[in-house]
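Contents: one structure, followed by commentary.
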DNA sequence: ATAAACCTTGGAGTTGTATCCAAGGTCAAG
DNA sequence: CTTGACCTTGGATACAACTCCAAGGTTTAT
């Protein structure tokens, strides 16, 4: 039997989060004290751990609600249903990864094209790339108008294609 | 000179999005007609394209606001400032990718452990994994109580470790 | 002259996951 | 019997980036 603060500490979440989960139907305390304090049982704690594990593999709370309803009525569901949820989530996670990989590649290219020095950004390759729709990014080598030996190193160093 | 719907169509965004950008200080039309219609110039369109390109590499609108203020006052900023923003964004994108890769791996393991068949979820490996804090996931081979030849194939097929 | 297609504004709603607050009640220790 | 730590509720706030709505004004084509 735990009070809200105890369960929160035990599972490393905030008491506010437990109230939030209750409001959204994920986890309700099994009982209350006479004065209204929430009392969670060990079974409640297990349910919370289920929620947290599901969160740890990427499920949203809405999806976890669905998983919990399956969990409580297993015999009326098939493995296919559960695996379907996992595979759907996997697909969406992979789609998100693909998008972020795209961002990553673009950002790496932008970073490589810029000397990153104290020179004025007037000829910054990054800004130029954002100004025009060219896919190729020109390195700002020699654009800054400083003595070449001073500032070109960073850029030439990074010229190897990705 | 474009009206809001024309610019929206040209750049493949919604007119609502342009009003939203205006409300948030990213892009204001250069003028209005007597009757109050927004009129965007070619320079406005270019600014919009800058915004969209920055979005396409992962910047948030708040970050784009910052980039735009640098863009309009380049000489008072250094390459280091711009590259710093790119590198910060790159780091955050990579952190997010790492998190999603973690989700992906976990989901793949869960998916592999489950036969995904029409059997009752009573012995579903996925649910069992979410119920207990074990890191290793037991395959549900033979747990369903059906004739072995019928349902074990999917699971044994996928036994190779990740 | 009228209908269709466009535009205006302010504001609300969405998704997701909390976090924080104020005003007040409860409980255990000293 | 007071202090401090805990608990209650409802509601506000936050982020991100839109998206939609209603009620009305404007433009354009026929």
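Readers should treat all values here as calculations from the given coordinates under stated rules, not as data from a laboratory. Because the structure is a prediction, the values reported are computed rather than measured. We place every Cβ from the backbone using ideal geometry, glycine too, and count neighbours over all the protein chains shown.
Of note:
- Average beta carbon contacts from partner chains per residue of B:109-120, 10 Å cutoff: 5
- Residues B:2, B:37, sorted so that the one with the fewest Cβ neighbours within 10 Å comes first: B:37, B:2
- Sites residue A:63 and residue A:99, calculated FRET efficiency, Cβ-Cβ separation with R0 25 Å, nearest 0.05: 0.80
- The range B:3-62-the range B:92-123 distance, computed between alpha-carbon centres (Å): 40
- Near-label residues of the range A:38-54 by backbone N, under 12 Å of a point 7 Å along Cα→Cβ of residue A:19: A:38
- This ranking places B:18, A:27, B:105, B:72 by how few other beta-carbon atoms lie within 10 Å of each, fewest first, which gives B:72, B:105, A:27, B:18.
- Inter-copy label distances at residue A:28 (7 Å, Cα→Cβ; nm, one decimal): 5.2
- Pseudo-label separations to other copies for residue A:65 - Cα-to-Cβ vector, 7 Å, nm: 3.2
- Placing pseudo-labels 7 Å out from each Cα toward the beta carbon at residue B:30 and residue B:3 gives an inter-label distance of 1.9 nm.
- Normalising by residue count, the range A:4-58 has a Cα convex hull of 76 Å³ per residue.
- Kirkwood-Stokes translational diffusion coefficient of the range B:1-94, alpha-carbon pairs, 4 °C, 1.567 mPa s, µm²/s: 91
- Label-point distances for residue B:41 to the equivalent site in the other copies, using a point 7 angstrom along Cα→C-beta, read 7.2 nm when ranked shortest first.
- Peptide A:89-102 has a mean of 5 when you count, residue by residue, the C-beta atoms of other protein chains within 10 Å of its C-beta.
- Note on B:52-58: average number of Cβ atoms from other chains within 10 Å of each residue's Cβ is 5.
- Pairwise label distance in nanometres, residue B:12 with residue B:131, each label 7 Å out on the Cα-Cβ vector: 4.9
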